[in-house]
Structure formats: C-alpha cells, structure tokens
Ligand code: FPP
Ligand code: MG
Ligand code: MG
C-alpha cells in the first residue's frame with residue numbers, strides 16, 4: 001500500500017544524515033544499514049493516506065490555541081544558533097525536491113514526517129543501547145559496541161539535530177511542537193524507568209498505582225512518538241479536529257500494545273530471533289508488565305524489585321516466578337485490549353485500503369515475534 005514511499009525511506013534518511021566528517025557519517029548511518037522493521041514510518045504513511053479522505057478543516061485562523069494534548073508542555077529552549085545561510089551548503093535537501101513527482105495522496109510533508117519519526121526513533125536506539133549496555137541491534141553488533149559510547153551518544157545527538165532541521169523545514173509550528181515534545185517525553189520515560197515504581201523503598205508494595213506508573217512510563221518511552229506522529233500526519237493533511245484526535249488515539253493505543261508485546265517477547269523469544277539481547281530487562285533491573293502482574297499475586301517479588309534483581313540468583317528466581325505465574329498471559333491480554341482500542345479509535349474514518357492497513361498493523365503488533 002505504501003511500498004513506493006517506503007522504497008525511498010532509507011535513501012532519504014541517509015541523505016538527511018550526510019556529514020562531511022567521515023567517521024560521523026559512518027556512525028550516524030550505521031543503524032540505517034540493516035533493514036529495520038520501519039513500523040513507525042509505515043504507520044505514519046498509512047495514517048496519512050487513511051486520513052486523506054476524511055473531513056478537512058482550516059488551521060491557524062488565529063481563533064484557537066493548539067491544544068496541549070498531554071497537559072505537559074516542557075519548557076522550550078530558544079534556538080539561538082540557526083544560521084540561515086547554511087541552507088545552501090547543508091546536505092539536507094528541501095523536502096519538496098527529494099521525491100519524484102507522483103499522483104500519491106500522501107503529501108511530501110507527510111513523507112518527510114515519516115522519515116523524521118524514524119530518525120527520532122533511531123536516535124533513541126543509539127542512546128538506549130548505551131544506557132542498556134546492549135551488544136546487538138537489528139541482528140548486528142550495536143553502535144556502542146562497534147564505535148564506543150562517546151561516538152554512539154554523539155551520533156544520536158546528530159540524528160536528533162538533523163531530525164529537528166527537517167522538522168523546522170516543514171514550516172508547521174504545531175507539528176514542530178508535537179515532535180519536540182516527543183523528544184522530551186523519551187527522556188522523561190527513561191527517567192521514570194530508572195525506578196520500577198513510584199515508591200522509593202527497599203521492599204515496595206504492589207498497589208494499583210504500580211501498573212499506572214508502568215503504563216505512564218510506557219506511554220512516554222514508547223507510545224508518545226507514534227501517537228504524536230500520527231497526530232502530526234493528520235494535521236499536515238489538513239484533517240479536522242475529530243480526525244486529528246482519532247489519529248492520535250490510534251497511535252497511543254497501538255504504541256502501548258507494541259511495548260507490552262516487546263516486554264513479553266523479552267521473556268519468551270531467543271536473542272537470535274529478536275536480533276537483540278533477550279531476557280535483558282531483568283538483567284537491567286527492570287520490572288516490566290509480566291513481572292508486575294506476577295508480583296500482584298506473589299509478594300516475594302517485592303524485595304527483588306526493590307533491589308533491582310541485583311543479588312546473585314535474583315534474575316533467575318524472578319524469571320522462574322514470572323514463568324510460573326499468569327503474568328505473560330495478562331500482558332498479552334492487556335496488549336490485545338490496547339490493539340482493539342487502536343482499531344476502534346479509527347472507526348469513523350472513511351473505508352479505505354489504508355484504513356484496513358492500519359487495522360492489520362494493530363493485529364500484526366499482537367502476533368509479532370520480533
Ligand atoms: C528502547 O527501549 C528505547 C526507547 C523506546 C526510548 C529510549 C529513550 C532514550 C534513551 C532517551 C533519550 C533519547 C533521545 C533520542 C531523546 P528498550 O530498551 O526497552 O528496547 P530494546 O529492547 O529495543 O533495547
Ligand atoms: Mg534497550
Ligand atoms: Mg532501554
């Protein structure tokens with residue numbers, strides 16, 4: 001359905017990442033070599049097409065302020081170092097000239113948005129692999145292993161910078177605000193993840209807030225990017241408020257389902273099949289959904305969560321207790337609930353192949369093994 005657009009994706013991203021410095025050029029493009037799943041750009045492109053036939057509404061008429069959808073606008077730094085003359089030498093070509101002319105109902109700005117979304121995601125992976133001491137990604141050695149932490153972190157910063165420039169060139173303040181907020185959300189989610197619960201005790205107690213805290217962290221770390229990108233796709237297409245909100249809710253619910261499945265696969269799938277370390281979460285001290293559900297019925301896990309599975313034998317014991325419990329089934333059931341909510345969110349969109357594609361993406365998210 002969006003094969004033509006996806007065909008240009010990696011090439012365009014690599015063009016956005018060009019640097020005159022040969023090592024930076026290599027490190028920045030490293031994660032674009034192995035084919036990623038491109039789930040996020042795929043969804044952005046499908047959403048662009050699916051919303052193309054929905055109601056349109058005029059924007060920026062001065063009557064309304066754009067909504068703060070998360071009620072969590074972070075302070076926005078003032079850009080002081082933009083050099084207008086750099087655009088002539090900058091390797092980033094203007095989005096309108098990057099694509100062959102086509103009859104497509106997907107706008108050039110929406111295709112560029114799909115690339116920006118993938119760039120932000122890839123930047124977060126470069127940083128994530130440093131934080132997680134990860135040794136593999138997409139079936140190859142991770143960038144931190146191949147080039148060291150310093151270069152991996154700097155390359156991640158470079159990707160964010162190029163994503164920001166491409167975003168600015170969309171000349172759409174609301175979309176810029178959305179994607180800038182995503183970057184803050186990624187960091188906020190990672191900070192929440194530094195603790196397993198809102199409690200700061202050696203022996204935390206399971207409460208209903210344990211799951212709420214996990215879901216809030218998961219939204220920030222994983223669902224914010226796809227939900228706000230879906231919203232941005234609808235905005236760029238000129239959709240009305242109802243459609244823009246539907247796109248956002250689809251992305252939010254799908255993003256939550258996606259990460260719940262990710263946290264489940266960490267317990268159930270081998271490193272070989274995943275293309276990245278398996279069983280990594282407990283090793284990193286992380287209590288994700290399968291363990292949190294297991295903990296509800298087995299208080300023994302509280303002490304292990306409190307010390308982040310750091311004592312000898314903790315990881316193996318926690319793993320054993322999770323596998324004996326219904327934590328994995330509960331995680332799968334919750335992921336399915338979010339995937340169903342994603343599908344219902346776009347009920348009102350007009351029937352189209354792209355809408356069917358979005359529904360299929362939600363179903364595939366649940367069934368995936370990598
Ligand atoms: C993968 O999670 C990581 C993320 C979804 C986000 C990581 C965000 C940061 C490191 C914040 C700073 C980054 C930027 C660019 C602002 P995972 O470790 O659970 O998944 P994995 O198994 O794929 O490693
Ligand atoms: Mg990781
Ligand atoms: Mg991580």
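The distance between label points at residue 272 and residue 37 comes to 2.0 nm (points 7 Å beyond Cα on the Cα→Cβ vector). The value of relative contact order for the chain, using C-alpha pairs under 8 Å at least six residues apart, is 21 percent.
Normalising the Debye intensity of region 9-56 to I(0), with uniform scatterers on Cα atoms only, and taking log10 at q = 0.13 Å⁻¹ returns -0.44.
Computed over region 107-219, the convex hull of the alpha-carbon atoms projects to a mean area of 9.3 nm². Compared with the dominant principal axis of the Cα atoms in the chain, helix 241-268 is inclined by about 40°. Stokes-Einstein diffusion for region 198-288, with the hydrodynamic radius set to the Kirkwood value over Cα pairs and evaluated at 10 °C in a medium of 1.306 mPa s, equals 105 µm²/s. Per residue, the convex hull spanned by the Cα atoms of the chain amounts to 147 cubic angstrom. Here the calculated FRET efficiency for residue 8 and residue 105, from their Cβ-Cβ distance with R0 = 22 Å, stands at 0.85, rounded to the nearest 0.05. For region 244-327, the relative contact order comes to 26 percent (Cα pairs under 8 Å, sequence separation of at least 6). Each listed q (0.14, 0.21 Å⁻¹) maps to a log10 I(q)/I(0) for region 151-303, found by the Debye formula over equal Cα scatterers with no solvent: -0.83, -1.31. Specify the angular offset, from 0 to 90 degrees and rounded to the nearest 10, of the alpha carbon long axis of helix 353-367 from the longest principal axis of the alpha carbons in the chain. On a 0 to 90 degree scale, this one is about 20. Over the chain, dividing the summed -39,500 (n - 2.57) contributions of all DSSP H runs of at least 4 residues by the number of residues returns a 222 nm mean residue ellipticity of -19500 deg cm²/dmol. As a ratio to 2.2 N^0.38 Å, the alpha-carbon radius of gyration for region 267-370 is 1.34. Take the Cβ atoms of residue 369 and residue 131, set R0 to 35 Å, and the FRET efficiency comes out at 0.90. With both labels modelled 7 Å from their Cα along Cα-to-Cβ, the residue 351 to residue 245 distance reads 2.6 nm. Counted residue by residue at 0.36 nm each, then reduced by the alpha carbon distance between them, the extension gain from residue 283 to residue 209 reaches 24.3 nm. Coordinate range of the alpha-carbon atoms in region 257-325 per principal axis, descending: 32, 26, 18 Å.
For region 167-211, the normalised intensity computed at q = 0.22, 0.30 Å⁻¹ comes to -0.77, -1.01 (log10 of I(q)/I(0), Debye sum over alpha carbons, equal scatterers, no solvent). Mean projected area of the Cα convex hull of region 329-370, taken over all directions, amounts to 3.1 nm². Our estimate of slack between residue 201 and residue 323, defined as 0.36 nm per intervening residue step minus the Cα-Cα distance, is 41.4 nm. One chain, two ends: residue 150 and residue 187. Fully extended at 0.36 nm per residue, the span grows by 11.5 nm beyond their Cα-Cα distance. Could you work out how far helix 173-193 tilts from the main Cα principal axis of the chain, as a 0 to 90 degree angle to the nearest 10? Tilt of helix 173-193: around 10 degrees. Dimensions of region 185-247 based on its C-alpha atoms, expressed as ranges along the principal axes with the largest first, amount to 51, 22, 10 Å.
Taken together, the values in this text are just the output of simple stated rules run on the coordinates, not laboratory data. In this text the structure is predicted, and so the values were computed from the model without any measurement. As a convention, Cβ positions derive from the backbone with ideal geometry for all residues, glycine included, and neighbour counts pool all protein chains shown.
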